Amino acid sequence: MGCNSSVHRFLRPLSARRQRRTAGIALPSLFNIRQPSVPSRRLLVPERAKPGGGHSPHQASVCHGALTRRNRPQFADTQIIATFALSQTHSTARACTTDYHIQTDTMTNQRKQILPRAPRRLSALVLAGCFLIPGTSARDMAATVLPIPDGYYSRASMMEAGDNPLGTIDQLSRFEILSGLGAELMLAKAYYRMGDARCVPILRDFIASNPASEQVQTARMLLGDFYFFSHDFANAVTVYEDLDVEWLSKPDAAAYSYRKAFSLIKTGHFNRAVPLLSRLRDNGTYGRAAVFYLAYIDYVNGNYDKAYDGFAESLEMGGYDSSSSASAHFCDMPRRGEYIPTGLEAGYYMLQIEFMRGQYDTVISGGTGLLRKTPVPELIPETCRIMGESYFKQGDMDNAAEYLNRYVEETQSEPTASAIYTLGVIDYENGDYERAAERFGQIGEEYEDISQSAYLYMGQCAIRQSEPDLAAIAFRKAYQMNYDPKVAETALYNYIASVTRGGKVPFASSVSLMQEFVDNYPNSKYASEIEQYMAVAYYNEKDYANALKSINRISRPDAKVLAVKQKILFEYGVREMSNGNAAEAEEYLSEALTLSRFDSKIGSQTALWLGDAQYAQRKYGEAEKAYAQYLRNDKHGDNSALGLYNMAYSLYMQDKFSNALAYFDDALSGKPKLPSNLSTDALVRKADCLYYLGRLNSAADVYSQAMKAGAAAADYAAMRRAVIAGVNGDNAAKARMLGEMMETYPNSKWISTAMLEQALAYMETEDNDKAIKTLNNLSRKFPNSPETRTAMLQMALLYSKQGNAAAADEAYKSVISKWPSSDEAQTASDELRRIYASRGELSQLSDFLRRVPGAPQLDDSEVEQLTYDAAASEYAAGGSGRKLVQYVENYPDGKYVAQALRDIAEYQFSDENRPDDALQTIETLLKKRPYAQQVPGALLLKAQILEEAYPNRTDEILRTYREVEKRGGSAYSAYAWAGIMRHTADAAERLEYARKVREAGGLDSDILDEARYYEAVGMLADGSDVQEAVAALKSLAESPQSLAGSRAAVALGEYYLGEKQYKKAIEVLSAFTDSGTPHEYWLARGYIALADAYRASGKKQLALEYIRSLKDNYPGDDQDIAEMINKRLKSWK
């Protein structure tokens, strides 16, 4: 197709419906083109009359844009900066659609062209109404009709001259090819007059295809104006840039300059618009508008004095019709051309500048007059704002509140910080502190002086509402902004005062700020008071390490400081003990004990805790001394029974059974009474003491008492009572009682031990068949337990007694083959040596042992034993594990390699923090000595390393604990159960194992507490016993220093929150977040739950500030915490 083919896509006669819709719309005239001189001839295009005087292709409308400067003074920030109105038709809001068909033209070499479908017939109404040129008779019209195509073109020209674009389009639609007749531009002009976007591609094609045409400037002007009146200012600027203004007539050049300048302003190119507007200052049509927009540009650039003068000049130039309504200027303006400011806009900007100058009386009077003149609706809110703030500056709170509330209600954008701040101050002065705090909270932190002052006010509101947490948060933020040093100084003092009254900021240190205050404001009137606060703050902060460092730097601490130090050392020790760090706890508690004179009650409790720390390190003698000191100082105190109980245990572990027995008796009879679990445990240990003292019958009686009392270790007591029967010579009773014990406690961790003891009882009664049957059951039910290995040895002895040498021989060999690296294998090997030596067959035994990897050999070296003993002794004394490593290197298949590898793994992890190496060492042990007695302990160590170093490897951790359960026997089962409880994803299984752990007994209190926590959470989840679950969580939450206590506090608070018991939730969570728990993750969860509870109870601002402070201060990188925080910040705005 030719270069004009694209034009054909837009040739389409309008339907009668569209003709009716567009009829009567006035259209812009084409711009007059002044042609330059041409050597051969001079072409002048006469100026036509301009119907409508330069109208645009669009219905008049207004566009208000917000153009702001970041550095404009705050109270001058406006929502409406410039007001523009451009004409706009309905047609540009719609996409123009055209039906097409393919027509074959044999006159153009059968080329296919896309043409619009023309109407089959024109009605007489169309001919009469559309084709008749005004002022021309029908006879004249008939005389001008020419044959096709000249006739269509002539008629189209007449239609164009008669301002009938519909007719022009209709006539040009009859053409198949427009090129060469000037019809392309004529068609574009017609579409342009109709406000139809189909003019755009025609004009672009014309400009591209005819770069040397004399009409190309006309096309550019039409295209730029179409974009201009369509509010597409970026494209308008681009097209205007290519237009040669020398071709335009003087009036059209002025219009071009104004429209280009206006488009530059709208696209943010203010300075480029200045030269264009400057040339129009004296123009009769655009002069006043040019002065206005030049002033506006000065305003945007911050040249307020110059802008003010310019706005005033634009008003003095006259021509404004101040009595006309706003709608007359902005909504119903006939499409005669560009928008010219009415004068109200200039007055509005002058009002803004007067406000910045502090001319508040002038603003109030001028704003009142401006509002009376019914200005543009978009100008009203901002006018109300500066009037309201002016009234506030003048001290008229009532009028200030009236106008500012109107502004907040009517503004279409976010209210300014200054307006919200002013309303907040008014609320504060009126005593509405809750509403004031809410307003101050809306401002945020990005407005420098306003934000700083707002947070200072918020803190004062919180104090008056008795909310120390919100006060502390607000004062801290006001200080940290530091826009105004005096405000910052006041804010910091108020923050410190709030903290000392119990206020807290999540994960923020007040101690460091106190020191900062003293450093930054040494001459402050608050300095001496702050120094006094610091000692108290150290204790409240719970940052014990830094607190001790700070206190130790005080050269002459007074009694008050030393009393605080005692508390810090005590709580530091308690916290370390709760976290399992017994050695560190002993250090702090020992020092705290030296300060007992400052607080004797804390001194007594320190001795009790010190004994626990020493006991945990197996320093039983030292623990005995600490417990004795506690009992001397607080023999009848609240914890006296616990002190007696602990004292008894320290003696018991030193085999001082007589003294231990006396203290267990005192503990059982002491007041207040021991908790039931400790009381029944004391009965069991009392029985143990009697047993070891040889008072077997008394021991049996006390074991029975413990069973009757429901002791957690009742299964153990039953087993021990049966053993006593056997010691007393009644092995039949022993076997029977053990059977009853296993039937009563089928899940006891002592089942394998009981089965072995029962088999031994049968052996003593020479009921060897039952003995062998029991031992076989034991090996089948617990194939990997240590008791099974012992059972196999006992079976071999039985076979020997029965004279069944072959069976005994096979049993011993079975032990060696199955567990070649075990102690039982060594015993079996020794027995086989004796047997084979007696038979003179040691060579056969040697051959057998060599065929079993890892089995004890006949040529064991005494040198190996000495090497191992030296390495093991050094490590046991707290030394390095390097000698153990050397032992393994020298004896890779040595007799003691299993224990050495177990100790090396512990050394690598605990002492050298090399978890990967430790895990690899454990794998080596499992490979070399898979049946060694050290394997269960090594597996447990592996699980613990994975938990601490790689907590996300949950599946592997769980598999390892299940292996410990399978292979560990009674000594390890409870620890295995605890691990499964922690890591299983099955809620029912977790509850099952939690109960197993609780019933097992003999575990550390931390593990038992953890089991109690999981059991309680499980009961809450399945609703089985809510009351018991809540009671358990309450009890655990009383010890927030422990992990289980922290988790319980959060779970309890969240439970109350879910039940809408907000007061209880706040009480529990506030106590927890005040506790100084060392568990940061759960402390953050506690603050989040507390914020939820406060919000649910109506304290939305406090809730929001908690979450904001968490975002600012939380030191962890936990993804779920970040998500919880961000979710609330997004939804709570």
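The values are calculated or read from the model by the stated rules, or taken from the named source; none is laboratory data. Owing to the predicted nature of the structure, the values given are computational and were not obtained by experimental measurement. A quick note on method: Cβ atoms are made from the backbone with ideal geometry, for glycine too, and the neighbour counts reach across all protein chains shown.
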- Task: Check the stretch 979-999 and report whether any residue there is acidic (Asp, Glu) and closer than 29 Å to Asn913 by Cα.
- Result: no
- Query: Going by the structure shown, is Asp869 more than 19 Å from Ala828 (Cα to Cα), crowded, with 17+ Cβ neighbours inside 10 Å and among the acidic types (Asp, Glu)?
  - Reply: no
- Item | Residue list for the stretch 317-375, filter: more than 52 Å from the chain's Cα centre (by Cα), at positive phi and at pLDDT 50 or above | Gly318, Gly319
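Residue by residue, here is whether (1) in contact (Cβ under 8 Å) with a residue 60 or more places away in the chain; (2) within 21 Å of Leu315 (Cβ to Cβ) holds:
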site	(1), (2)
Glu345	yes, yes
Met356	yes, yes
Val363	no, yes
Gly388	no, no
Tyr391	no, no
Ala401	no, no
Leu404	no, no
Tyr407	no, no
Ile420	no, no
- Could you tell me whether the stretch 801-821 includes any residue that is among the hydrophobic types (A, V, I, L, M, F, W, C), in a loop (DSSP other than H, G, I, E, B), modelled with pLDDT under 90 and crowded, with 23+ Cβ neighbours inside 10 Å? yes
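Each row is one residue, and each column tells you yes or no for (1) surrounded by fewer than 16 Cβ atoms within 10 Å (Cβ to Cβ); (2) more than 21 Å from Ala761 (Cα to Cα); (3) modelled with pLDDT under 90; (4) acidic (Asp, Glu).
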residue: Lys686; (1), (2), (3), (4): no, yes, no, no
residue: Tyr691; (1), (2), (3), (4): no, no, no, no
residue: Lys708; (1), (2), (3), (4): yes, yes, no, no
residue: Ala712; (1), (2), (3), (4): no, yes, yes, no
residue: Val727; (1), (2), (3), (4): yes, no, no, no
residue: Ala732; (1), (2), (3), (4): yes, no, no, no
residue: Gly739; (1), (2), (3), (4): no, no, no, no
residue: Glu743; (1), (2), (3), (4): yes, no, no, yes
- Query: So which residues in the stretch 280-312 are among the acidic types (Asp, Glu), part of a helix (DSSP H, G or I) and under 21 Å from Lys260 (Cα atoms), if there are any at all?
  - Reply: Asp298
- Failed condition for Gly1053, given (1) within 19 Å of Asp1120 (Cα to Cα); (2) buried (at least 24 other Cβ atoms within 10 Å of the Cβ); (3) at pLDDT below 95, with all others met? (3)
- Of all residues in the stretch 953-971, how many are outside any helix (DSSP H, G or I) and either exposed (fewer than 15 other Cβ atoms within 10 Å of the Cβ) or out of contact with any Ser or Thr (no Cβ under 7 Å at 6 or more places or on another chain) (or both)? 2
- Message: I'm told Gly879 meets every condition in (1) in contact with a helix residue (DSSP H, G or I) (Cβ under 8 Å, 6 or more places away or on another chain); (2) surrounded by fewer than 24 Cβ atoms within 10 Å (Cβ to Cβ); (3) among the small types (Gly, Ala, Ser) except one. Can you identify the failing condition by its number?
- Response: (1)
- All positions within the stretch 1021-1037 that are surrounded by fewer than 21 Cβ atoms within 10 Å (Cβ to Cβ) and in a helix (DSSP H, G or I): Ala1021, Asp1022, Val1026, Gln1027, Glu1028, Val1030, Ala1031, Lys1034, Ser1035
- Query: Checking Thr383 against (1) surrounded by fewer than 23 Cβ atoms within 10 Å (Cβ to Cβ); (2) in contact with a helix residue (DSSP H, G or I) (Cβ under 6 Å, 6 or more places away or on another chain), which test does it fail?
  - Reply: (1)
- Only one of Gln617, Gln605 is without any contact (Cβ under 8 Å) to a residue 40 or more places away in the chain and farther than 22 Å from Gly1045 by Cα, namely Gln617
- Selection within the stretch 654-677 - outside any helix (DSSP H, G or I) and surrounded by fewer than 16 Cβ atoms within 10 Å (Cβ to Cβ): Gln654, Asp655, Lys671, Pro672, Lys673, Pro675
- Query: Ser640 is checked against (1) in contact with a helix residue (DSSP H, G or I) (Cβ under 6 Å, 6 or more places away or on another chain); (2) closer than 21 Å to Cys689 by Cβ; (3) polar (S, T, N, Q) and fails just one. What number does that condition carry?
  - Reply: (1)
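Residue-by-condition table, conditions (1) at positive phi; (2) among the charged types (D, E, K, R):
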| residue | (1), (2) |
| --- | --- |
| Arg990 | no, yes |
| Asp1009 | no, yes |
| Leu1020 | no, no |
| Gly1023 | yes, no |
| Gln1027 | no, no |
| Ala1031 | no, no |
| Ile1066 | no, no |
| Arg1085 | no, yes |
- Query: Taking the stretch 893-914 as the search range and keeping residues that are free of Cβ contacts under 8 Å to residues at least 24 places away in the same chain and not polar (S, T, N, Q), which one is surrounded by the fewest Cβ atoms within 10 Å (Cβ to Cβ)?
  - Reply: Glu912
- Task: Read through the list (1) under 28 Å from Ala628 (Cα atoms); (2) among the aromatic types (Phe, Trp, Tyr); (3) under 53 Å from the mean Cα position of the chain (by Cα), then give the number of the only condition that Trp750 fails.
- Result: (1)
- Note: among Val702, Val684, just one is farther than 18 Å from Lys734 by Cα and part of a helix (DSSP H, G or I), namely Val684
- Could you look through the stretch 1059-1109, keep only residues that are acidic (Asp, Glu) and more than 15 Å from Ala1122 (Cα to Cα), and pick out the one that is modelled with the lowest pLDDT? Asp1074
- Item | Of all residues in the stretch 1093-1115 being of a type in the set (Gly, Ala, Ser) and out of contact with any Phe, Trp or Tyr (no Cβ under 6 Å at 6 or more places or on another chain), the one that is surrounded by the fewest Cβ atoms within 10 Å (Cβ to Cβ) | Gly1098
- Message: I'd like the residue in the stretch 484-534 that is part of a loop (DSSP other than H, G, I, E, B) and of a type in the set (D, E, K, R) and, out of all such residues, is modelled with the highest pLDDT.
- Response: Asp484
- For Tyr950, state whether it is aromatic (Phe, Trp, Tyr) and either buried (at least 20 other Cβ atoms within 10 Å of the Cβ) or in the same structural domain as Trp819 (by TED's automatic domain parsing) (or both). no
- Do any residues in the stretch 757-769 that are in a loop (DSSP other than H, G, I, E, B) have Cβ atoms under 9 Å from those of residues that are surrounded by fewer than 16 Cβ atoms within 10 Å (Cβ to Cβ) and small (Gly, Ala, Ser), where the two are at least six apart or on different chains, and which pairs are they? Thr765/Ala732; Asp767/Ala732
